[in-house]
Amino acid sequence: MSASRIPRTPESTLPVPWPDGGPWVLATTSASVDWQPAAAALAAASTVRVAALVFGAESPPGQLLLGELATFLQAGDGAADPLSVDEAVALVRTLARTHGLVLVIGVPGLLVPTGRAGWTLMDLAVAVSAPVVVVSGTGPDAANHTTLALGAVAGHGLTAAVITVGDPPDSAQSAEDNGEATPADTAPRPEGDSATAAADPPPVPDHEAGMPVTPAGRIPADPTDHTDDLPTAAKHWLHPLLHASAGRPKTETPPPPPQTLPPPATASGKRVVLLLAGVFVSMSLVVCGLAFCQPTARTVATLEQVTVEPAPRTQEQEPERPRPRPRPVSDVCPQNQARVTPTTPDRATTKRVNAAWKRIETWLAAHAPATRRSLQPPADAKRIDAAQRRMSVAFPADLVASLRRHDGVSHTRGTAFTLPFFYGPMPVGDIPAEWLTLCGVLVEVFGQQDSTWWDKAFVPFASSGDGGNLFVDQRPGSHSRVGEFYNEDGVSFEEWPASVAELLEKTAESLETGRAFGGSYRPKVTKQGVLEWDVH
């Protein structure tokens, strides 16, 4: 079958909103369904770098999948020291910093406990607010299994799409034997296809007749027939919204060979270490329970390469001393300290924050309705308190008031509301995971506090998705000022407002007046009703 004859799912069959990048959870409806063709198709159809994190697989994947990935990590069920769900969340967030799409795959299924750790893939999906791609087969039980999986996903408040893998039993062969058109011949053609589409819609395959939704992708049983141009074939198999496009684009240029790095003690060495360790060292921290790590030919992210080799020693230099073992993260960033009292905002602060948000909401509803819909409902006060206790840091009152107004934004890249410059407010559940990840890198790289890069008293509240965030400084005497963090540069407080409340007010003013925020970022609205920020 040629790529031009592959059926493409109609535009209306996929629930929206659907994120065009970030973490996507992929789960099969039964052990008999092969997840690898679905994962390979999703990776091939994307235009961004793709990572896959797999739980429960007994063996490494085949070359069909590995050939489409930038990074592959596999965690074994029987690991002696299995990952906790919080560590798995941190690992997913780490991968998302350098990959536009992260496929989180659970071979046992959505609700089967992951090895000795006891948590399920559904727990992880909820923790990272990821949509779920349900991979079904084409057998007689496909509709029943798919319905049960979709019900479980909906019960946890997540978005789902369905992909089928396999050929309908005997349908294509019998049609060909009788000289009739196959479903691929009569299916809707992609836009721009010079061929004339059939007047009548293609028949619904028997295994899809009882499904509550139309599949958003149909992948043949043997996709290896299309290895010569898998990306083109995959884009026809999958709904356009399953073509991940947000983040760092793919490149056909092979990575450069590993270079000898200077000693970490030098200033230039620190920069290089941050570039590499910001991506991989934190990965090493949370991957302690991984039973297998298999990099693909396109990545240099092997666990062995995390260790930075010192420059060659000359005769004049003293003998090299063994590097001490890293301190536990809890020594530098303590968690769950009883002496922390969660902040409750006073009436004046709540009124000020709500007034700023009301201005933003009103402007978005009138000018950028698609972006307005991305604002989440209020966060539960108990969850905000739990996050403060977890981090052993009391949040500023205006941040708590803001979370009580909106629990961040939905993970719908391309339409979600962002503060200047492209920082999306984070749900309260993401704040401790982001904080813990950066604390882990801080300990691994520096071995101690280094407030020029990160500090235990920094509370991230908005993320750019590429290694940067906005945070509030909760160190004594810092007055909860807003700062900017980027993994290559560390922290900066220049040109940022003195508080979260002031940040919201200045954002509202920029939207209402059209004037550039900070003299640099001017709001504009696309034809689709999406807010963007132009750099001036």
Task: Dipole moment magnitude, nearest 20 debye, the stretch 468-536 about Cα centre, only Lys, Arg, Asp, Glu C-beta charged - done: 220
Task: Nearest-10 value in Å² for the accessible area of Ile360, using the 1.4 Å probe - done: 0
Task: Dipole of the stretch 454-510, positive direction: furthest Cα of Ser480, Gly467, Thr507, with charges on the beta-carbon - done: Ser480
Task: Theoretical gain in end-to-end length, Arg339 to Thr452 [0.36 nm per residue, Cα-Cα removed] - done: 38.0 nm
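Before I look further, what does the stretch 450-523 give for accessible area per residue, probe 1.4 Å, in whole square angstrom?
Per residue, the stretch 450-523 has an accessible area of 39 Å².
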TODO: Rounded to whole Hz and in sequence order, give me ³J(HN,Hα) for the stretch 31-37 from the Karplus expression 6.51 cos²θ - 1.76 cosθ + 1.60, θ = phi - 60°, writing x for Gly and Pro.
DONE: 5, 7, 8, 7, 7, 5, x
Open item on the list: Straight-line reach from Lys250: which lysines fall under 20 Å, measuring Cα to Cα and dropping same-chain residues less than 8 apart?
Closed with: Lys235
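With the Cα gyration tensor of the stretch 423-533 giving a ≥ b ≥ c as the square roots of its eigenvalues, does the rule (a/c under 1.5 for rounded; else a/b larger than b/c for prolate; else oblate) give rounded, prolate or oblate?
Working: a/c = 2.30, a/b = 1.77, b/c = 1.30.
Prolate.
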Open item on the list: Taking the full set of protein chains and a 1.4 angstrom probe, give the accessible area of Phe461 in square angstrom, rounded to the nearest 10.
Closed with: 10
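Take the solvent-accessible surface of the protein heavy atoms, probe 1.4 Å, and return the percent of it on the stretch 403-536 that carbon and sulfur atoms account for. Please list the in-between numbers first.
Working: 2340 of 5030 Å².
Looking at the stretch 403-536 in its full context, I get 46 percent from C and S.
Does the stretch 470-536 come out rounded, prolate or oblate, given a ≥ b ≥ c as the square roots of the eigenvalues of its C-alpha gyration tensor, rounded meaning a/c under 1.5 and, failing that, prolate meaning a/b above b/c? Please report the intermediate quantities before stating the final value.
Numbers: a/c = 2.58, a/b = 1.80, b/c = 1.43.
Prolate, because a/c is 1.5 or more and a/b exceeds b/c.
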- [ ] For the stretch 24-76, give the percent of accessible area contributed by carbon and sulfur heavy atoms, probe 1.4 Å, rounded to a whole number.
- [x] 47
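The values are calculated or read from the model by the stated rules, or taken from the named source; none is laboratory data. Bear in mind that the values here come from a model prediction, so they are computed numbers and not experimental data. As a convention, Cβ positions derive from the backbone with ideal geometry for all residues, glycine included, and neighbour counts pool all protein chains shown. Just the protein is used for accessible areas: all its heavy atoms, side chains included, with ligands, DNA and RNA removed. Shrake-Rupley method; radii C 1.70, N 1.55, O 1.52, S 1.80 Å.
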